[in-house]
1. How well do other chains shield peptide A:93-106, expressed as the mean number of their Cβ atoms within 10 Å of each residue Cβ?
2. Determine which aspartates and glutamates satisfy two conditions relative to B:Lys92: a Cα distance under 20 Å, and not lying fewer than 8 residues away in the same chain.
3. Pop out the carbon and sulfur fraction of the accessible area of segment B:42-180 as a percent, whole number, probe 1.4 Å.
4. Quick one: which of A:Lys165/B:Lys170; A:Lys146/B:Lys165; B:Lys8/B:Lys28; A:Lys175/B:Lys28; A:Lys165/B:Lys28 span more than 28 angstrom between C-alpha atoms?
5. Could you quote the convex hull projected area for segment B:13-147, Cα atoms only and averaged over all directions, in nm²?
6. In nm, one decimal, shortest first: how far is the label point of B:Asp74 (7 Å from Cα along Cα to beta carbon) from the matching points in the other copies?
7. Convert each backbone phi in segment B:19-36 into a coupling constant with the Karplus relation 6.51 cos²θ - 1.76 cosθ + 1.60 (shift: θ = phi - 60°), then list the ³J(HN,Hα) values in order as whole Hz, x for Gly and Pro.
8. Inside 10 Å of the C-beta atoms of A:122-130, what's the mean count of C-beta atoms belonging to other chains?
There are 2 protein chains.
Amino acid sequence: MRPLKLSKAFTFIEPGPVILITTHDGGKNNIMTLSWIMVMDFTPRFAITTGAWNYSFKALKKTRECVIAIPTVDLLDTVVGIGTCSGADTDKFARFKLTAVSGIVVKAPLIRECLANIECKVVEFISRHDIVVLEGVAAHVDSSRKENRTLHAVGDGTFVVDGRKFSRRKQMASKLPEGV
Amino acid sequence: MRPLKLSKAFTFIEPGPVILITTHDGGKNNIMTLSWIMVMDFTPRFAITTGAWNYSFKALKKTRECVIAIPTVDLLDTVVGIGTCSGADTDKFARFKLTAVSGIVVKAPLIRECLANIECKVVEFISRHDIVVLEGVAAHVDSSRKENRTLHAVGDGTFVVDGRKFSRRKQMASKLPEGV
(Lines give C-alpha, C1' and ligand atoms only; values in the text may rest on other atoms or scores of the structure.)
Protein backbone atom coordinates (compact mmCIF):
# COMPACT_ATOMS: atom_id res chain seq x y z
CA MET A 1 0.00 0.00 0.00
CA ARG A 2 1.12 3.54 -0.74
CA PRO A 3 -0.18 6.86 0.61
CA LEU A 4 -3.33 8.16 -1.05
CA LYS A 5 -3.99 11.90 -1.14
CA LEU A 6 -6.72 12.75 1.35
CA SER A 7 -8.41 14.83 -1.35
CA LYS A 8 -9.01 11.64 -3.34
CA ALA A 9 -10.16 9.40 -0.49
CA PHE A 10 -13.85 10.26 -0.93
CA THR A 11 -13.77 8.81 -4.47
CA PHE A 12 -13.59 5.33 -2.91
CA ILE A 13 -16.77 5.93 -0.89
CA GLU A 14 -18.88 8.06 -3.24
CA PRO A 15 -19.66 5.13 -5.62
CA GLY A 16 -21.43 3.39 -2.73
CA PRO A 17 -19.48 0.17 -2.19
CA VAL A 18 -19.98 -2.14 0.75
CA ILE A 19 -17.14 -1.38 3.17
CA LEU A 20 -15.38 -2.92 6.11
CA ILE A 21 -14.74 -0.94 9.29
CA THR A 22 -11.94 -1.93 11.63
CA THR A 23 -11.62 -0.92 15.27
CA HIS A 24 -9.11 -1.59 18.05
CA ASP A 25 -10.55 -1.55 21.56
CA GLY A 26 -7.19 -1.35 23.35
CA GLY A 27 -6.80 -5.13 23.34
CA LYS A 28 -8.32 -6.66 20.23
CA ASN A 29 -8.85 -5.75 16.61
CA ASN A 30 -12.29 -6.20 15.09
CA ILE A 31 -14.01 -5.74 11.71
CA MET A 32 -17.58 -5.12 10.67
CA THR A 33 -19.29 -5.04 7.27
CA LEU A 34 -21.32 -1.92 6.51
CA SER A 35 -23.28 -0.43 3.61
CA TRP A 36 -24.82 2.49 5.43
CA ILE A 37 -22.27 5.19 4.68
CA MET A 38 -22.23 8.46 2.74
CA VAL A 39 -19.77 11.16 1.81
CA MET A 40 -20.47 14.47 3.58
CA ASP A 41 -17.54 16.53 2.28
CA PHE A 42 -14.40 16.29 0.18
CA THR A 43 -12.14 17.02 3.17
CA PRO A 44 -13.00 14.01 3.48
CA ARG A 45 -15.89 13.63 5.86
CA PHE A 46 -18.26 10.67 6.06
CA ALA A 47 -21.38 9.61 7.93
CA ILE A 48 -22.12 6.03 8.89
CA THR A 49 -25.21 4.60 10.54
CA THR A 50 -24.39 2.16 13.34
CA GLY A 51 -25.14 1.62 16.99
CA ALA A 52 -24.99 -0.72 19.95
CA TRP A 53 -26.41 -3.57 17.84
CA ASN A 54 -22.94 -3.79 16.23
CA TYR A 55 -20.29 -5.21 18.58
CA SER A 56 -17.73 -2.83 17.02
CA PHE A 57 -19.71 0.16 18.24
CA LYS A 58 -18.37 -0.15 21.79
CA ALA A 59 -14.77 0.20 20.55
CA LEU A 60 -15.73 3.04 18.21
CA LYS A 61 -17.40 4.86 21.09
CA LYS A 62 -14.44 4.30 23.42
CA THR A 63 -11.57 5.13 21.06
CA ARG A 64 -13.34 7.51 18.62
CA GLU A 65 -11.22 5.99 15.84
CA CYS A 66 -11.69 3.49 13.02
CA VAL A 67 -10.47 2.54 9.57
CA ILE A 68 -12.72 2.29 6.53
CA ALA A 69 -11.39 -0.47 4.26
CA ILE A 70 -12.64 -1.01 0.69
CA PRO A 71 -12.90 -4.67 -0.35
CA THR A 72 -13.11 -5.86 -3.95
CA VAL A 73 -15.13 -8.64 -5.57
CA ASP A 74 -12.58 -11.38 -4.74
CA LEU A 75 -13.43 -10.76 -1.07
CA LEU A 76 -17.21 -11.27 -1.48
CA ASP A 77 -17.40 -14.29 0.82
CA THR A 78 -15.12 -12.61 3.35
CA VAL A 79 -17.39 -9.55 3.38
CA VAL A 80 -20.46 -11.76 3.89
CA GLY A 81 -18.65 -13.85 6.52
CA ILE A 82 -17.54 -10.79 8.50
CA GLY A 83 -21.08 -9.45 8.39
CA THR A 84 -22.65 -12.64 9.73
CA CYS A 85 -20.48 -13.38 12.77
CA SER A 86 -19.60 -11.28 15.83
CA GLY A 87 -16.37 -9.92 17.23
CA ALA A 88 -17.75 -10.91 20.65
CA ASP A 89 -16.59 -14.48 20.06
CA THR A 90 -14.54 -14.35 16.85
CA ASP A 91 -11.11 -13.00 15.91
CA LYS A 92 -12.17 -11.97 12.42
CA PHE A 93 -8.65 -11.22 11.15
CA ALA A 94 -7.64 -14.81 12.01
CA ARG A 95 -10.85 -16.45 10.85
CA PHE A 96 -10.88 -14.72 7.46
CA LYS A 97 -7.09 -14.79 6.99
CA LEU A 98 -6.79 -11.01 6.73
CA THR A 99 -3.61 -9.08 7.52
CA ALA A 100 -3.76 -6.23 10.03
CA VAL A 101 -1.31 -3.46 9.10
CA SER A 102 -0.52 -0.47 11.33
CA GLY A 103 -1.88 2.86 10.20
CA ILE A 104 -0.03 6.13 10.67
CA VAL A 105 -2.56 8.07 12.77
CA VAL A 106 -5.10 5.75 14.38
CA LYS A 107 -4.70 2.47 16.27
CA ALA A 108 -7.40 0.64 14.35
CA PRO A 109 -5.64 -1.52 11.74
CA LEU A 110 -5.61 -1.25 7.97
CA ILE A 111 -6.54 -4.42 6.05
CA ARG A 112 -3.75 -5.31 3.65
CA GLU A 113 -6.04 -7.34 1.36
CA CYS A 114 -8.28 -4.34 0.63
CA LEU A 115 -8.05 -1.90 -2.28
CA ALA A 116 -7.94 1.19 -0.07
CA ASN A 117 -7.96 2.09 3.62
CA ILE A 118 -9.02 5.41 5.14
CA GLU A 119 -7.99 6.17 8.73
CA CYS A 120 -10.77 8.09 10.47
CA LYS A 121 -11.49 9.96 13.69
CA VAL A 122 -14.99 10.44 15.08
CA VAL A 123 -16.21 14.03 14.82
CA GLU A 124 -19.54 13.42 16.55
CA PHE A 125 -21.99 10.72 17.57
CA ILE A 126 -25.51 11.85 16.63
CA SER A 127 -27.08 9.33 18.97
CA ARG A 128 -30.77 10.00 18.33
CA HIS A 129 -30.24 8.95 14.69
CA ASP A 130 -27.44 6.39 15.20
CA ILE A 131 -25.27 8.46 12.87
CA VAL A 132 -21.52 8.71 13.42
CA VAL A 133 -19.72 11.57 11.67
CA LEU A 134 -16.14 10.66 10.67
CA GLU A 135 -13.21 12.72 9.42
CA GLY A 136 -10.59 11.00 7.24
CA VAL A 137 -7.10 11.72 8.59
CA ALA A 138 -4.90 9.48 6.40
CA ALA A 139 -5.48 7.24 3.41
CA HIS A 140 -3.74 4.38 1.64
CA VAL A 141 -4.25 2.57 -1.65
CA ASP A 142 -2.91 -0.66 -3.09
CA SER A 143 -2.05 0.48 -6.60
CA SER A 144 -0.38 -2.83 -7.50
CA ARG A 145 -3.52 -4.96 -7.59
CA LYS A 146 -5.31 -6.00 -10.78
CA GLU A 147 -8.75 -6.49 -9.24
CA ASN A 148 -10.26 -3.08 -8.59
CA ARG A 149 -13.97 -3.87 -8.90
CA THR A 150 -15.87 -3.10 -5.72
CA LEU A 151 -19.10 -4.65 -4.44
CA HIS A 152 -22.47 -3.03 -3.87
CA ALA A 153 -24.83 -4.66 -1.36
CA VAL A 154 -28.46 -4.59 -2.45
CA GLY A 155 -29.69 -5.37 1.05
CA ASP A 156 -31.62 -8.50 0.09
CA GLY A 157 -28.63 -10.83 0.22
CA THR A 158 -27.49 -10.06 -3.33
CA PHE A 159 -24.52 -8.01 -4.49
CA VAL A 160 -23.72 -6.09 -7.67
CA VAL A 161 -20.15 -5.80 -8.92
CA ASP A 162 -18.72 -2.75 -10.70
CA GLY A 163 -19.20 -2.96 -14.45
CA ARG A 164 -18.30 -0.58 -17.29
CA LYS A 165 -16.89 2.86 -16.62
CA PHE A 166 -17.86 6.10 -18.36
CA SER A 167 -16.12 9.46 -18.20
CA ARG A 168 -18.02 12.74 -18.17
CA ARG A 169 -15.08 14.73 -16.76
CA LYS A 170 -15.30 17.38 -19.45
CA GLN A 171 -19.02 18.01 -18.92
CA MET A 172 -18.54 18.09 -15.14
CA ALA A 173 -15.35 20.16 -15.01
CA SER A 174 -17.06 23.11 -13.32
CA LYS A 175 -18.35 20.88 -10.50
CA LEU A 176 -15.27 18.81 -9.63
CA PRO A 177 -13.37 19.57 -6.43
CA GLU A 178 -9.67 20.36 -6.68
CA GLY A 179 -7.20 17.51 -6.64
CA VAL A 180 -9.34 14.69 -8.01
CA MET B 1 -45.06 2.40 -12.62
CA ARG B 2 -46.64 0.16 -10.04
CA PRO B 3 -46.58 0.40 -6.22
CA LEU B 4 -43.43 -0.90 -4.56
CA LYS B 5 -43.62 -2.25 -1.00
CA LEU B 6 -42.07 0.28 1.37
CA SER B 7 -40.11 -2.57 2.96
CA LYS B 8 -38.24 -3.01 -0.32
CA ALA B 9 -37.59 0.65 -1.12
CA PHE B 10 -34.22 0.74 0.69
CA THR B 11 -32.86 -1.91 -1.71
CA PHE B 12 -32.77 0.76 -4.42
CA ILE B 13 -30.59 3.06 -2.27
CA GLU B 14 -28.37 0.59 -0.40
CA PRO B 15 -26.25 -0.27 -3.51
CA GLY B 16 -25.14 3.37 -3.62
CA PRO B 17 -26.42 4.66 -6.97
CA VAL B 18 -26.40 8.29 -8.01
CA ILE B 19 -29.95 9.55 -7.48
CA LEU B 20 -32.19 12.38 -8.55
CA ILE B 21 -34.20 14.35 -6.00
CA THR B 22 -37.31 16.22 -7.05
CA THR B 23 -38.97 19.04 -5.16
CA HIS B 24 -42.01 21.24 -5.71
CA ASP B 25 -41.82 24.70 -4.15
CA GLY B 26 -45.52 25.50 -4.50
CA GLY B 27 -45.04 26.85 -8.03
CA LYS B 28 -42.32 24.95 -9.86
CA ASN B 29 -40.89 21.47 -9.97
CA ASN B 30 -37.14 21.02 -9.75
CA ILE B 31 -34.60 18.20 -9.82
CA MET B 32 -31.09 17.80 -8.46
CA THR B 33 -28.47 15.09 -8.86
CA LEU B 34 -27.02 13.66 -5.64
CA SER B 35 -24.63 10.91 -4.56
CA TRP B 36 -24.42 11.79 -0.89
CA ILE B 37 -27.12 9.53 0.51
CA MET B 38 -27.26 6.55 2.85
CA VAL B 39 -29.82 4.15 4.21
CA MET B 40 -30.46 4.62 7.95
CA ASP B 41 -33.20 2.06 8.49
CA PHE B 42 -35.37 -0.43 6.62
CA THR B 43 -38.58 1.46 7.48
CA PRO B 44 -37.22 3.07 5.13
CA ARG B 45 -35.23 6.00 6.43
CA PHE B 46 -32.46 7.81 4.57
CA ALA B 47 -29.94 10.59 5.19
CA ILE B 48 -28.78 12.96 2.49
CA THR B 49 -26.14 15.67 2.67
CA THR B 50 -27.25 18.93 1.07
CA GLY B 51 -27.58 22.59 1.93
CA ALA B 52 -28.14 26.10 0.67
CA TRP B 53 -25.54 25.58 -2.11
CA ASN B 54 -28.19 23.46 -3.87
CA TYR B 55 -31.08 25.53 -5.28
CA SER B 56 -33.46 22.68 -4.41
CA PHE B 57 -32.67 23.07 -0.73
CA LYS B 58 -34.96 26.06 -0.35
CA ALA B 59 -37.96 24.04 -1.57
CA LEU B 60 -36.96 21.08 0.59
CA LYS B 61 -36.73 23.33 3.63
CA LYS B 62 -40.07 24.99 2.89
CA THR B 63 -42.15 21.94 2.00
CA ARG B 64 -40.29 19.23 3.98
CA GLU B 65 -41.03 16.84 1.10
CA CYS B 66 -39.15 15.37 -1.85
CA VAL B 67 -38.99 12.35 -4.14
CA ILE B 68 -35.89 10.20 -4.57
CA ALA B 69 -35.80 8.92 -8.16
CA ILE B 70 -33.40 6.20 -9.34
CA PRO B 71 -32.04 6.71 -12.86
CA THR B 72 -30.43 3.98 -14.95
CA VAL B 73 -27.45 4.01 -17.30
CA ASP B 74 -29.46 5.23 -20.31
CA LEU B 75 -29.98 8.49 -18.37
CA LEU B 76 -26.26 9.14 -17.78
CA ASP B 77 -26.15 12.39 -19.72
CA THR B 78 -29.41 13.53 -18.18
CA VAL B 79 -28.00 12.90 -14.70
CA VAL B 80 -24.84 14.87 -15.55
CA GLY B 81 -26.86 17.64 -17.20
CA ILE B 82 -29.21 18.00 -14.22
CA GLY B 83 -26.18 18.17 -11.92
CA THR B 84 -24.48 20.93 -13.87
CA CYS B 85 -27.28 23.47 -14.32
CA SER B 86 -29.51 25.23 -11.79
CA GLY B 87 -33.23 25.25 -11.17
CA ALA B 88 -32.83 28.98 -10.57
CA ASP B 89 -32.93 29.58 -14.33
CA THR B 90 -33.84 26.19 -15.83
CA ASP B 91 -37.00 24.09 -15.99
CA LYS B 92 -35.15 20.79 -15.79
CA PHE B 93 -38.17 18.61 -16.61
CA ALA B 94 -38.58 20.51 -19.89
CA ARG B 95 -34.90 20.80 -20.71
CA PHE B 96 -34.17 17.10 -20.18
CA LYS B 97 -37.51 15.86 -21.57
CA LEU B 98 -38.53 14.15 -18.33
CA THR B 99 -42.13 13.42 -17.38
CA ALA B 100 -43.40 14.63 -14.00
CA VAL B 101 -45.98 12.21 -12.56
CA SER B 102 -48.06 12.89 -9.45
CA GLY B 103 -47.17 10.92 -6.37
CA ILE B 104 -49.74 9.68 -3.86
CA VAL B 105 -48.50 11.40 -0.69
CA VAL B 106 -46.16 14.28 -1.49
CA LYS B 107 -46.42 17.14 -3.99
CA ALA B 108 -42.91 16.70 -5.37
CA PRO B 109 -43.24 14.79 -8.66
CA LEU B 110 -42.15 11.29 -9.57
CA ILE B 111 -39.99 10.97 -12.70
CA ARG B 112 -41.60 8.54 -15.10
CA GLU B 113 -38.32 7.76 -16.90
CA CYS B 114 -36.68 6.46 -13.71
CA LEU B 115 -36.49 2.87 -12.47
CA ALA B 116 -37.97 3.65 -9.07
CA ASN B 117 -39.32 6.62 -7.13
CA ILE B 118 -39.55 6.97 -3.36
CA GLU B 119 -41.79 9.68 -1.91
CA CYS B 120 -40.20 11.12 1.23
CA LYS B 121 -40.96 13.46 4.10
CA VAL B 122 -38.29 15.29 6.07
CA VAL B 123 -37.85 13.97 9.61
CA GLU B 124 -35.19 16.48 10.64
CA PHE B 125 -32.67 18.96 9.29
CA ILE B 126 -29.37 18.45 11.14
CA SER B 127 -28.11 21.86 10.08
CA ARG B 128 -24.65 21.83 11.64
CA HIS B 129 -23.75 18.84 9.43
CA ASP B 130 -25.94 19.66 6.40
CA ILE B 131 -27.66 16.31 6.87
CA VAL B 132 -31.35 15.88 6.08
CA VAL B 133 -33.08 12.83 7.54
CA LEU B 134 -35.86 11.49 5.29
CA GLU B 135 -38.63 8.96 5.84
CA GLY B 136 -39.98 7.06 2.82
CA VAL B 137 -43.79 7.24 2.77
CA ALA B 138 -44.62 5.65 -0.60
CA ALA B 139 -42.66 3.93 -3.35
CA HIS B 140 -43.10 3.06 -7.02
CA VAL B 141 -41.18 0.89 -9.47
CA ASP B 142 -41.27 0.54 -13.23
CA SER B 143 -41.17 -3.22 -13.55
CA SER B 144 -41.71 -3.17 -17.30
CA ARG B 145 -38.33 -1.75 -18.29
CA LYS B 146 -35.44 -3.83 -19.60
CA GLU B 147 -32.63 -1.52 -18.49
CA ASN B 148 -32.20 -1.89 -14.75
CA ARG B 149 -28.51 -1.05 -14.38
CA THR B 150 -27.92 1.94 -12.11
CA LEU B 151 -25.01 4.39 -12.12
CA HIS B 152 -22.44 5.03 -9.42
CA ALA B 153 -20.70 8.42 -9.37
CA VAL B 154 -17.02 8.19 -8.48
CA GLY B 155 -16.81 11.91 -7.73
CA ASP B 156 -14.04 12.66 -10.23
CA GLY B 157 -16.33 12.98 -13.25
CA THR B 158 -16.43 9.26 -13.98
CA PHE B 159 -19.26 6.80 -13.43
CA VAL B 160 -19.42 3.04 -12.93
CA VAL B 161 -22.38 1.02 -14.16
CA ASP B 162 -23.79 -2.06 -12.42
CA GLY B 163 -22.11 -5.24 -13.59
CA ARG B 164 -22.57 -8.89 -12.58
CA LYS B 165 -24.85 -9.92 -9.74
CA PHE B 166 -24.11 -12.48 -7.05
CA SER B 167 -26.49 -13.99 -4.53
CA ARG B 168 -25.48 -14.80 -0.97
CA ARG B 169 -29.06 -14.92 0.31
CA LYS B 170 -28.58 -18.31 1.95
CA GLN B 171 -25.45 -17.24 3.86
CA MET B 172 -27.10 -13.99 4.93
CA ALA B 173 -30.54 -15.36 5.81
CA SER B 174 -30.14 -14.57 9.52
CA LYS B 175 -29.35 -10.92 8.77
CA LEU B 176 -32.01 -10.03 6.22
CA PRO B 177 -34.94 -7.85 7.25
CA GLU B 178 -38.46 -9.19 6.70
CA GLY B 179 -40.13 -8.62 3.38
CA VAL B 180 -37.12 -8.31 1.07
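1. Partner-chain Cβ atoms within 10 Å, mean over residues of A:93-106: 0.
2. Cα-Cα hits under 20 Å: B:Asp25, B:Glu65, B:Asp74, B:Asp77, B:Glu113, B:Glu119.
3. Details: 3090 of 6240 Å².
About 50 percent, which is the carbon plus sulfur part of the accessible surface.
4. Working: A:Lys165/B:Lys170 30 Å; A:Lys146/B:Lys165 20 Å; B:Lys8/B:Lys28 30 Å; A:Lys175/B:Lys28 24 Å; A:Lys165/B:Lys28 34 Å.
Listed pairs above 28 Å: A:Lys165/B:Lys170; B:Lys8/B:Lys28; A:Lys165/B:Lys28.
5. Working: hull surface 30.5 nm².
Value for segment B:13-147: 7.6 nm².
6. Values, ascending and in nm: 3.7.
7. With coefficients 6.51, -1.76 and 1.60, one gets 10, 10, 10, 9, 9, 9, 8, x, x, 10, 7, 8, 9, 10, 9, 8, 10, 8 Hz.
8. On the way: counts 0, 1, 3, 0, 7, 0, 3, 9, 3.
That works out to 3 on average.
The values are calculated or read from the model by the stated rules, or taken from the named source; none is laboratory data. If you're wondering where the values come from, they're calculated on a predicted model, not measured in any experiment. Cβ sites come from the backbone with ideal geometry, for glycine too, and all protein chains shown count toward neighbours. Protein only, heavy atoms only, side chains kept; ligands, DNA and RNA dropped before computing areas. Shrake-Rupley method; radii C 1.70, N 1.55, O 1.52, S 1.80 Å.
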